[in-house]
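Colleague: Pasting a structure below so you can have a look.
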Amino acid sequence: MAGRWIEQWEPEDEIFWQEKGERIARRNLWFSVLSEHIGFSIWTLWSVMVLFMGPEYGVDPAGKFFLISTATLVGALVRVPYTFAVARFGGRNWTVISALTLLVPTVAAYLVMEPGTSYTTFLVVAGLAGIGGGNFASSMTNINAFFPLRKKGWALGLNAGGGNIGVPVVQLVGLLVIGTAGATHPRFVLAVYVPLIVVAALCAASFMDNLAPVQNDTGAAKDAVRDPHTWIMAVLYIGTFGSFIGYSFAFGLVLQTQFGRTPLQAASLTFIGPLLGSLIRPAGGWLADRYGGARITLWNFAAMAAATGVVVYASGIESLAVFLVGFIALFVLTGLGNGSTYKMIPGIFHAKAIAQGLRGEEAAAHGRRLSGAAMGLIGAVGALGGLGINLAFRQSFQTAGTGTAAFWTFLAFYGVCFTVTWAVYLRRAAAVPAKPQLSYAEV
């Protein structure tokens with residue numbers, strides 16, 4: 001695992017970037033996307049496995065929501081150590097390790113996925129699948145170091161979007177298996193992913209690089225923890241990514257439980273929302289690069305609240321068609337918001353560096369240092385939003401038999417996110433026109 005190490009990396013230097021930096025960065029981006037893509041598929045694997053769990057498994061809807069919540073929780077928690085693993089082992093080396101680790105939950109699920117297995121065993125194995133969620137944190141931290149600030153929105157959006165597509169892809173694989181072999185062969189899904197995991201690890205070993213200048217900085221981690229913007233952005237990321245991953249896990253179960261869809265009917269619809277939300281994420285990053293992440297994020301939360309209102313209305317009149325329109329719109333908006341919020345993170349810390357009197361590469365390096373440390377914390381807290389969504393659905397279905405109460409909670413939270421975005425990143429910019437260096441409107 002000695003790997004290939006790049007000793008000098010200065011992406012903000014235009015000459016360096018044009019001569020060799022961009023080519024190397026793009027190559028690492030594509031293979032990072034591949035590994036992260038499969039990581040997302042394994043993380044959300046149990047959103048598919050529960051569709052195979054008929055009455056013979058003896059697990060009720062509340063139990064299924066708790067299974068997928070376990071995977072969500074573990075995926076959120078492992079994001080913090082995965083963030084710092086890149087600097088400890090190297091981006092290329094850790095991508096190989098983290099990819100091969102995905103064999104553990106995949107093989108474990110293959111062994112236990114049959115009627116008669118205890119619920120405790122299912123919980124443990126579903127929890128193991130959560131390690132796939134860590135791949136996102138290490139991948140984003142790694143790619144953040146490769147690209148200059150002016151390209152981060154596009155690069156991080158593409159990296160995350162390509163990874164997020166792993167969610168609808170595993171759901172499409174599940175649909176293919178249910179549609180051809182029936183709902184009694186979940187192991188066919190798992191058999192597809194074992195060779196793909198090996199391919200991703202081999203590609204990372206062959207084509208990716210380690211950046212020697214990227215080192216763990218405990219001081220940066222402490223500074224990020226103390227900085228209020230880390231936690232403000234974590235709240236906003238709960239609203240965007242937390243919604244995306246929570247809805248991705250729960251969509252199929254909601255269709256089965258609230259609208260009485262069969263496994264095949266649910267699987268034929270489940271992938272649409274995550275697919276569109278994943279594909280649109282790079283557009284969110286691009287729009288943030290062009291118009292400012294705070295502005296895009298603000299109006300995106302307003303639109304998410306409106307789409308949630310449509311879902312609440314559809315639940316009240318029990319219209320599947322209207323429900324699908326509102327829910328799929330939510331997925332698209334979570335994708336846009338994912339791109340715009342992640343673009344904001346490096347921009348915020350770069351703006352703070354300028355406000356402190358730093359300029360040029362010194363300001364850029366300071367921004368990279370803090371944003372890299374903050375991304376792991378923000379990503380972990382954001383993923384915990386997915387846990388909150390699944391637990392809210394579980395409680396709502398347990399007490400009322402529908403998800404309406406949960407959706408009212410989500411609508412209120414999007415209103416809070418809208419208010420926070422405006423108050424912290426836009427109102428302040430308007431209030432201090434004489435000090436443009438303090439403005440975060442363009443981040």
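Colleague: At q = 0.10 Å⁻¹, what log₁₀ I(q)/I(0) does the chain have when each alpha carbon counts as one equal point scatterer in the Debye sum?
Modeller: Taken in order of the listed q values, log10 I(q)/I(0) reads -0.65.
Colleague: Sticking with this one: Can you compute the modelled spin-label distance between residue 202 and residue 317, with each label point 7 Å from Cα toward Cβ, in nm?
Modeller: Here the answer is 5.4 nm between the modelled labels.
Colleague: Which value, in debye to the nearest 20, gives the size of the charge dipole of the chain about its Cα centre, when Lys and Arg are +1 and Asp and Glu are -1 at the Cβ?
Modeller: Using only the charged Cβ atoms, the result is roughly 480 debye.
Colleague: Once you put a point 7 Å from the Cα of residue 5 and another 7 Å from the Cα of residue 114, both along the Cβ direction, what distance in nm separates them?
Modeller: According to this spin-label approximation, the distance is 4.9 nm.
Colleague: Could you bin all the Cα-Cα distances of region 1-115 into 10 Å bins starting at 0 and give me the percent of pairs in each, rounded to whole numbers?
Modeller: 11, 33, 27, 16, 9, 4, 0
Colleague: Starting from one equal scatterer on each C-alpha and no solvent at all, send me the Debye-based log10 I(q)/I(0) for region 378-420 at q = 0.18, 0.19, 0.20 Å⁻¹, two decimals.
Modeller: Relative scattering, expressed as log10 I(q)/I(0), comes to -0.56, -0.61, -0.66.
Colleague: Over what distance in Å are the Cα centres of region 133-208 and region 35-62 separated?
Modeller: First find each Cα centre; the distance between them is then 16 Å.
Colleague: Can I ask one more? Take residue 103, project a point 7 Å from its Cα along the Cβ direction, then tell me which residues of region 74-96 have their backbone nitrogen under 14 Å from it.
Modeller: Taking a point 7 Å out along Cα→Cβ of residue 103, the residues of region 74-96 whose backbone N falls under 14 Å are 96.
Colleague: What is the set of long-range amide H partners of residue 211 at a cut-off below 5 Å, with H atoms built 1.01 Å from backbone N?
Modeller: For residue 211, whose amide H was placed from the backbone, the distant partners under 5 Å are 6, 91, 92.
Colleague: Give the average over all directions of the projected area of the C-alpha convex hull of region 129-171, one decimal, in nm².
Modeller: On the way: hull surface 12.2 nm².
Projected area, direction-averaged: 3.0 nm².
Colleague: Follow-up. For residue 194 and residue 355, what is the calculated FRET efficiency with R₀ set at 60 Å and r taken between the beta-carbons, to the nearest 0.05?
Modeller: 0.75
Colleague: In bins 5 Å wide, starting from 0, what share of all Cα pairs of region 75-197 does each bin hold, as a percent?
Modeller: Spelled out bin by bin, region 75-197 gives 2, 10, 16, 20, 19, 13, 9, 6, 3, 1, 0 percent.
Colleague: Separate question: Give me the extension gain from residue 123 to residue 150: residue separation times 0.36 nm, minus the current Cα-Cα distance, reported in nm with one decimal.
Modeller: Working: separation 27, 0.36 × 27 = 9.72 nm, distance 4.32 nm.
The residue 123-residue 150 span can extend by a further 5.4 nm.
Colleague: Give me the base-10 log of I(q)/I(0) for region 137-204 at each q in 0.17, 0.20, 0.27 Å⁻¹, Debye formula, one uniform scatterer per Cα, rounded to two decimals.
Modeller: -0.75, -0.88, -1.14
Colleague: Could you sort 24, 97 by accessible area so the largest value comes first, with the probe set to 1.4 Å?
Modeller: Sorted descending by solvent-accessible area, the residues read 97, 24.
Colleague: Between residue 409 and residue 290, what FRET efficiency follows from the Cβ-Cβ distance if R0 is 30 Å, with the result rounded to 0.05?
Modeller: Efficiency at R0 = 30 Å is approximately 0.35.
Colleague: What percent of all Cα-Cα pairs in region 194-269 falls in each 10 Å bin, counting up from 0?
Modeller: 14, 18, 25, 28, 13, 1
Colleague: Moving to a separate point now. Please report how far the C-alpha centroid of region 236-296 lies from that of region 377-420, rounded to the nearest whole angstrom.
Modeller: Region 236-296 and region 377-420 have Cα centres separated by 14 Å.
Colleague: Would you mind checking 64/222; 222/343; 151/222; 20/222 for any pair whose Cα atoms are more than 29 angstrom apart?
Modeller: Violating the 29 Å Cα-Cα cut-off are 64/222; 20/222.
Colleague: Let me ask you something else. Take residue 60 and residue 30, extend 7 Å from each Cα along the Cα→Cβ direction, and tell me the distance between the two endpoints in nm.
Modeller: So the label points at residue 60 and residue 30 sit 5.2 nm apart.
The values are calculated or read from the model by the stated rules, or taken from the named source; none is laboratory data. In this text the structure is predicted, and so the values were computed from the model without any measurement. Quick reminder, even Gly has a Cβ in these numbers, built from the backbone with ideal geometry, and neighbours come from all protein chains shown. Calculation scope for accessible area: heavy atoms of the full protein, side chains included, ligands and nucleic acids excluded. Shrake-Rupley method; radii C 1.70, N 1.55, O 1.52, S 1.80 Å.
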